[in-house]
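Here's the structure, in structure tokens; my notes come after.
Every read-out reported here was derived from the displayed coordinates using simple, explicitly stated rules and does not represent laboratory data. Since this is a predicted model, take the numbers as computed values, not measurements. Quick reminder, even Gly has a Cβ in these numbers, built from the backbone with ideal geometry, and neighbours come from all protein chains shown.
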Amino acid sequence: MRLTRFTDLALRVLMRLAVAEGEDPPTTREVAGTMQVPYTHAAKAVARLQHLGLVETRRGRGGGLTLTPAGRAASVGTLVRELEGPGDVVECEGGAPCPLRSACRLRGALRRAQEAFYTALDPVTVGELVGSPTGPLLLGLGPTRGA
């Protein structure tokens, strides 16, 4: 199973915010620099996470991003399902219809494997992802220039 870059970035943003408690809330631009991604990509991920109720944003002086209690307790499996959206692991409709479509057993096997992947992530929370050694490493990351 391979996650989209968007899902990967959104999870990393949540992890960074999970270790930011007790410090000034980082801005989207600062998070983008820390994660070494373009600001526009980080802004899209933050907007989606805010829409899901996982991140709160405040503009202006003293503003920034904060993780909500729901964001800290969120199941990684549930998040990945939500961020990846519906769909099969393989696209069977590319260009020409697949001649095996009506009798294919591969799609069902891959769908079960995909669900097993998500199920394995269900008990893991965002808060648990930032335990040592990950949390201290995230705190040590600083924004890069030009991000």
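Things worth noting here:
- Rounded to the nearest 500, the helix-only mean residue ellipticity at 222 nm of the chain stands at -15000 deg cm²/dmol, with each DSSP H run of n ≥ 4 adding -39,500 (n - 2.57).
- Normalised contact order of the chain, rounded percent, pairs of Cα under 8 Å and 6 or more residues apart: 35
- Using a Gaussian network model of the chain in which every pair of alpha carbons under 10 angstrom is joined by a spring, one finds that among E82, E23, E128 the greatest mean-square fluctuation is at E23.
- Couplings 3J(HN,Hα) of segment 101-118, computed from phi: 3, 6, 10, 7, 9, 5, 4, x, 5, 5, 5, 5, 5, 4, 5, 5, 4, 4 Hz, in residue order, whole Hz [Karplus 6.51 cos²θ - 1.76 cosθ + 1.60, θ = phi - 60°; x for Gly and Pro].
- 5 angstrom amide H check on V55, placed H, neighbours 5+ away: Q50, T68
- Dividing the C-alpha radius of gyration of segment 1-82 by 2.2 N^0.38 Å, with N its residue count, gives 1.01.
- In a reduced charge model with +1 at each Lys and Arg Cβ and -1 at each Asp and Glu Cβ, segment 1-65 shows a dipole moment near 300 debye about its Cα centre.
- Gaussian network model of the chain, Cα within-10 Å springs - most flexible of A43, A116, A73: A116
- Net charge of the neighbourhood of D122, taken over other residues with C-beta under 11 Å away and scored Lys/Arg +1, Asp/Glu -1, is 0.
- About the Cα centre, charge dipole magnitude for segment 9-128 (Lys/Arg +1, Asp/Glu -1 at Cβ), debye: 240
- Difference of contour (0.36 nm per residue) and Cα-Cα distance, A103 to A43: 17.3 nm
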